[in-house]
Amino acid sequence: MNISYILLTMFREPTYNPEKRNPLKREHLKEGITPIMACVGTPEQFMKEPSGELDIQDDYIFDMDKVQNVDFGAYPDVLDKNGFKNDGKHSYVISPVDNKDKFSKGFVNCTGLLVAGKDKNTGEDVSLLSHENPGHFLNGEKSEEIFSGDIRNRLNELKERCIDGTIDAIIVGGNYFKGNEGENFWEKYQDDYFRSVGALSKEVLNVFNFEPIVITGPKRGTGIENVFYDNKNRRLYIMRPEVGNGSTESFVPSDIGEQEKKW
């Protein structure tokens with residue numbers, strides 16, 4: 001049996017049997033609700049054709065009240081003070097649920113979860129963004145339990161605040177190296193990616209009754225990925241080392257085994 005199938009089924013067993021809703025066809029959204037849209041490019045492409053991600057960076061420099069830096073490298077006491085859930089330095093960071101733009105830099109093998117919905121009281125979009133290290137949040141039962149509790153708490157908070165049928169969720173980040181069979185170095189990165197996607201998908205599915213979209217597949221080599229989210233317009237800017245191949249395509253986690261053939 002394909003290793004990706006084994007790993008995925010281990011980490012996404014919903015507590016009920018949900019009706020199948022395909023997020024790629026927007027079946028989880030009400031008519032007229034815009035899904036999270038992604039603009040993906042290399043650093044060079046973004047420099048040639050500046051987009052909204054530069055506005056978010058400028059806002060970060062001049063107005064921290066408008067933008068959240070989901071800073072994976074920040075000290076835990078700073079994160080705690082600003083309402084970010086974490087389990088120590090270089091573990092994971094989960095932003096508060098609010099209407100601010102958000103960005104996070106330095107995704108290597110880390111993954112991220114972005115969830116957005118319309119607030120019941122204000123009608124504004126609110127969102128959360130995470131940045132998690134599989135070496136920590138999938139490192140044993142205790143670490144997995146702590147992370148699951150924190151991400152589930154945030155997802156339920158967003159669910160309670162938002163209008164049903166307006167919530168969308170996507171997964172970003174991760175990498176996937178290919179080497180010779182039996183080379184543990186490469187296999188660890190592959191396992192980390194499948195387990196990360198599976199764990200995040202499980203939490204989203206159990207809270208919202210639909211799978212998140214993996215908006216781009218894993219990076220196939222070294223290099224970092226930076227993401228910038230325009231909350232009001234539901235536009236995510238993803239800056240990564242390479243684009244335009246099978247690893248850039250979107251898919252749902254339940255199709256990961258088939259999608260892997262393109263990497």
Amide H contacts under 5 Å for Asp98, placed H, 5+ residues apart: Ser127
Largest-first ranking of Trp263, Trp186 by accessible area, probe 1.4 Å, whole protein assembly kept, is Trp186, Trp263
Label-point separation (nm) for Asn156 and Asn82, each offset 7 Å from Cα along Cα-to-Cβ? 2.7
Return the subset of Lys30/Lys120; Lys120/Lys232; Lys102/Lys142; Lys81/Lys105 for which the Cα-Cα distance in this structure is over 18 Å, preserving the input order. Lys102/Lys142; Lys81/Lys105
Using only the alpha carbons, work out the radius of gyration and Dmax of the range 147-263 in angstrom. 15.3, 48
Can you give the extra length, in nm with one decimal, that the chain gains between Glu187 and Asn233 once fully stretched, where that is 0.36 nm per residue apart less the Cα-Cα distance? 12.8 nm
Extension gain from Asn139 to Asp98, taking 0.36 nm per residue of separation minus the Cα-Cα distance: 11.8 nm
Over the range 92-221: Rg over Rh, Cα atoms, Kirkwood Rh: 1.01
Working note, the range 208-263: Cα radius of gyration (Å, one decimal) and Dmax (Å, whole number) are 12.6, 36
Provide the FRET efficiency to the nearest 0.05 for the Lys48-Lys262 pair, computing r from the beta carbons and using R0 = 35 Å. 0.85
Nitroxide proxy distance, nm - points 7 Å out along Cα→Cβ at Asn69 and Lys120: 3.5
Relative packing of 256-262, 77-83, which averages over residues the other C-beta atoms within 10 Å, highest first: 256-262, 77-83
When only Cα pairs under 8 Å and 6 or more residues apart are kept, what is the percent relative contact order across the range 177-263? 27
Averaged per residue, the 1.4 Å probe accessible area of the range 152-262, protein heavy atoms only, in Å², is roughly 39
In the range 117-226, carbon and sulfur make up what percent of the accessible area (probe 1.4 Å)? 43
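The values are calculated or read from the model by the stated rules, or taken from the named source; none is laboratory data. Worth saying up front: this structure is predicted, and the values here are computed from it rather than measured. A quick note on method: Cβ atoms are made from the backbone with ideal geometry, for glycine too, and the neighbour counts reach across all protein chains shown. The protein model used for the area step is the full one, side chains on, heavy atoms only, and it has no ligands, DNA or RNA in it. Shrake-Rupley method; radii C 1.70, N 1.55, O 1.52, S 1.80 Å.
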